[in-house]
Amino acid sequence: MQRGKLLIIGFGPGSEQHMTFRAKEAILESDSIIGYSTYVDLIRPLITDQEIVRTGMTEEVSRAQEAVRQAELGKTVAVISSGDSGVYGMAGLVYEVLIEKEWREESGVEVEIIPGISAINSCGSLLGAPIMHDACTISLSDHLTPWDLIKKRVDAAAQADFVIALYNPRSGKRTKQIVETQKILLNYRSPNTPVGLVKSAYREREHIVITDLAHMLDHEIGMLTTVIIGNNSTFIYDGKMITPRGYQRKYTLSESEQQLKPHERLKEKAEPWALHGGVEEEKTVTDRLLNPRMLAEEALQKLNIETRTSEKTTSQSDLFQQEDIFEFAVSPGIANKKLTPIQMMTLAETVGEKADLEYTPDHVIKVSVKTATPHKITERLSSVGLLLLPIGDVVNIKACDFCDGDKGDSIPQVEELQQRIGGVAVPKQMNIGFNGCGMACYGAPTNDIGIIYRKKGFDLFLGAKTTGRNAHVGQLVAEEVAPDKIVDLVVRVVNDYKSRGLPNERFHKFFKRVQDVEGFTYREVPEQVVVDMVCGD
Ligand code: SAH
């Protein structure tokens with residue numbers, strides 16, 4: 001008897017042009033074709049006299065068993081999957097059925113896996129160039145995978161800044177998974193992160209939407225959609241979603257002559273960000289990325305380097321090697337205002353006698369210390385519960401003490417705010433004042449953004465001018481904002497400032513210039529009374 005053959009074919013997104021030559025040839029070679037009905041319809045133009053075994057969507061196991069049975073009878077059997085048969089397709093299952101029967105390549109039926117263009121590639125191509133960098137696929141279908149595991153994968157991918165392609169994002173019955181996924185992603189990525197939704201790529205009802213993380217759920221997402229979430233550098237240009245590969249870090253893309261000559265390009269000083277010599281001092285890159293404290297520490301280091309680079313013209317590689325001035329701020333917490341003696345002693349011991357310590361009006365101690373190992377300092381200080389913050393043009397969240405915790409209902413919101421935007425870079429230093437009751441004794445409205453918790457909702461003030469003789473409080477733009485809305489709202493305001501603010505433009509000037517921030521319209525401040533008063537009068 002002739003030895004049977006299993007051809008496990010990925011036929012790509014759906015159109016014949018996007019099918020490989022071998023896939024077409026294999027379909028023509030086969031005696032029978034086994035697949036989900038919709039897929040059989042998609043390859044219909046290629047079917048001649050092959051026998052067709054159609055099955056429903058959920059009958060993968062019987063489909064695989066039938067394929068193996070027919071091949072064992074000596075037939076050439078095509079098992080078809082959309083995209084690639086090895087990506088949530090039939091390839092693995094066919095092998096598993098064969099293994100149950102103790103199949104061996106040598107003696108058993110022949111197996112050929114024919115690769116196809118998977119949805120991450122076909123959908124990516126329709127969106128522009130969103131994949132380009134490290135990416136992963138996650139299927140949101142929890143029919144065969146525990147939801148807790150899927151959540152963990154989404155969380156890890158979001159943390160590690162992967163571009164993510166979500167397969168099986170939503171079906172008639174599975175509607176909550178994509179909502180939960182969006183929430184997890186928002187813990188790590190800006191609401192403005194570009195998101196592409198592609199339905200039926202290269203098929204008749206193809207539909208493409210480019211949106212962002214905050215608004216992705218306002219659009220139709222179904223079983224035929226692939227959702228592509230950008231990473232931190234993905235941007236939208238002329239309706240296309242693009243993830244930079246990093247060339248602009250090294251090359252000037254608008255120039256035809258490059259400063260770096262070809263022989264210099266792989267030298268250490270041309271790539272100060274790379275892992276030179278092969279081993280890092282103590283922690284691996286993965287360790288750092290997966291540990292939020294280390295992430296903060298990296299941000300601190302980076303910030304320090306950036307500030308200093310703008311001050312001096314020292315070369316970047318020098319900055320990475322020599323002892324450097326490390327500047328950061330430290331506080332006992334966002335709501336907590338009490339430093340313990342242990343924290344004070346640890347701070348003094350860790351930074352040493354020569355460090356400069358300054359207590360600032362922003363409820364933090366600013367530290368400036370010369371060191372070659374800043375991570376040792378941050379690690380030690382974090383271990384006694386001190387909060388470390390970058391300084392410079394970043395978001396600085398200043399909360400009250402919530403009456404020593406007695407009026408602590410809104411602490412979760414300020415903590416979430418700190419986690420999401422505390423320390424992020426903005427055009428000019430931005431203070432967000434957050435007070436836990438209407439007394440507002442820490443003066444929330446006198447900050448760039450002021451938030452006061454009152455009557456189970458939040459009042460929001462924007463655009464105070466915090467210094468100068470014409471200082472004024474911010475404009476009251478919203479009252480009684482619900483607790484589950486306030487953090488998102490403030491994050492959106494900050495992101496708008498981040499993206500439209502000019503370098504060094506203070507928030508109140510920005511508000512005046514653009515006139516509208518997140519739907520809040522700027523109002524002219526009433527003229528101030530001129531008081532010519534000698535101090536103490
Ligand atoms: N083997 C397939 C994936 C099967 S899982 C592949 O490699 O592409 C089914 C999921 O794939 C769908 O829910 C959708 O998210 C995605 N998908 C498959 N084909 C698609 C297409 N033409 N357009 C958009 N998404 C597609």
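The values are calculated or read from the model by the stated rules, or taken from the named source; none is laboratory data. No experiment lies behind these values; they were computed from the predicted model shown. Here the Cβ positions follow ideal geometry from the backbone for every residue, glycine too, while neighbour counts run over all protein chains shown. Ligands, DNA and RNA are stripped out before the accessible areas are found, and what is left, the full protein with its side chains, is counted by its heavy atoms. Shrake-Rupley method; radii C 1.70, N 1.55, O 1.52, S 1.80 Å.
Numbers at a glance
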{"item": "Matching residues, region 483-497, being open to solvent by 40 Å² or more (accessible area, probe 1.4 Å) and either in a loop (DSSP other than H, G, I, E, B) or in contact with a Ser or Thr (Cβ under 8 Å, 6 or more places away or on another chain) (or both)", "result": "P483"}
{"item": "Search result, residues across region 498-509 that are part of a helix (DSSP H, G or I), open to solvent by 90 Å² or more (accessible area, probe 1.4 Å) and touching a residue at least 24 places away in the same chain (Cβ under 8 Å)", "result": "K498"}
{"item": "Among the candidates V414, V424, residue that is touching a residue at least 60 places away in the same chain (Cβ under 8 Å), open to solvent by less than 20 Å² (accessible area, probe 1.4 Å) and among the β-branched types (V, I, T)", "result": "V414"}
{"item": "Residue that is open to solvent by 10 Å² or more (accessible area, probe 1.4 Å) and touching a residue at least 24 places away in the same chain (Cβ under 8 Å), where the choices are Y39, Y95", "result": "Y39"}
{"item": "Odd one out for G108, checked against (1) more than 15 Å from the ligand (Cβ to nearest atom); (2) open to solvent by 80 Å² or more (accessible area, probe 1.4 Å); (3) assigned to a loop (DSSP other than H, G, I, E, B)", "result": "(2)"}
{"item": "Qualifying residue in region 154-174 (condition: hydrophobic (A, V, I, L, M, F, W, C), within 16 Å of the ligand (Cβ to nearest atom) and in a loop (DSSP other than H, G, I, E, B))", "result": "no"}
{"item": "Residue in region 93-102 that is within 16 Å of the ligand (Cβ to nearest atom) and hydrophobic (A, V, I, L, M, F, W, C) present", "result": "yes"}
{"item": "Residues (within 16 Å of the ligand (Cβ to nearest atom) and open to solvent by 40 Å² or more (accessible area, probe 1.4 Å)) located in region 125-134", "result": "S125"}
{"item": "Qualifying strands (runs of 3 or more DSSP E) (wholly inside region 182-247; at least 1 residues being open to solvent by less than 30 Å² (accessible area, probe 1.4 Å), at pLDDT 95 or above and within 14 Å of the ligand (Cβ to nearest atom))", "result": "194-199, 207-212, 225-229"}
{"item": "Residue identified as within 13 Å of the ligand (Cβ to nearest atom), in contact with a helix residue (DSSP H, G or I) (Cβ under 9 Å, 6 or more places away or on another chain) and in a helix (DSSP H, G or I) among S85, S122, S141", "result": "S122"}
{"item": "Hey, Q177 of a type outside the set (V, I, T) and either modelled with pLDDT of 95 or more or within 14 Å of the ligand (Cβ to nearest atom) (or both) or not", "result": "yes"}
{"item": "Residues satisfying the stated conditions in region 54-66, i.e. crowded, with 18+ Cβ neighbours inside 10 Å, within 16 Å of the ligand (Cβ to nearest atom) and not basic (K, R)", "result": "E60, A64"}
{"item": "Boolean, L462 is touching a strand residue (DSSP E or B) at 6+ places or on another chain (Cβ under 7 Å), in contact (Cβ under 8 Å) with a residue 40 or more places away in the chain and either hydroxyl-bearing (S, T, Y) or buried (at least 17 other Cβ atoms within 10 Å of the Cβ) (or both)", "result": "yes"}
{"item": "Search result, residues across region 376-397 that are surrounded by 21 or more Cβ atoms within 10 Å (Cβ to Cβ) and among the basic types (K, R)", "result": "none"}
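A quick yes/no check of all residues on (1) at pLDDT below 95; (2) under 25 Å from S171 (Cβ atoms); (3) assigned to a helix (DSSP H, G or I); (4) within 33 Å of the chain's Cα centre (by Cα):
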| position | (1), (2), (3), (4) |
| --- | --- |
| R54 | yes, yes, no, no |
| R63 | yes, yes, yes, no |
| V68 | no, no, yes, no |
| E112 | no, no, no, no |
| I131 | no, yes, no, yes |
| I150 | no, yes, yes, yes |
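So that you can scan it fast, the table gives a plain yes or no per residue for (1) away from the ligand (no atom under 16 Å from the Cβ); (2) farther than 26 Å from C123 by Cβ:
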| site | (1), (2) |
| --- | --- |
| E25 | yes, no |
| I33 | yes, no |
| D41 | no, no |
| L46 | yes, no |
| Q50 | yes, yes |
| K75 | yes, yes |
| S81 | no, no |
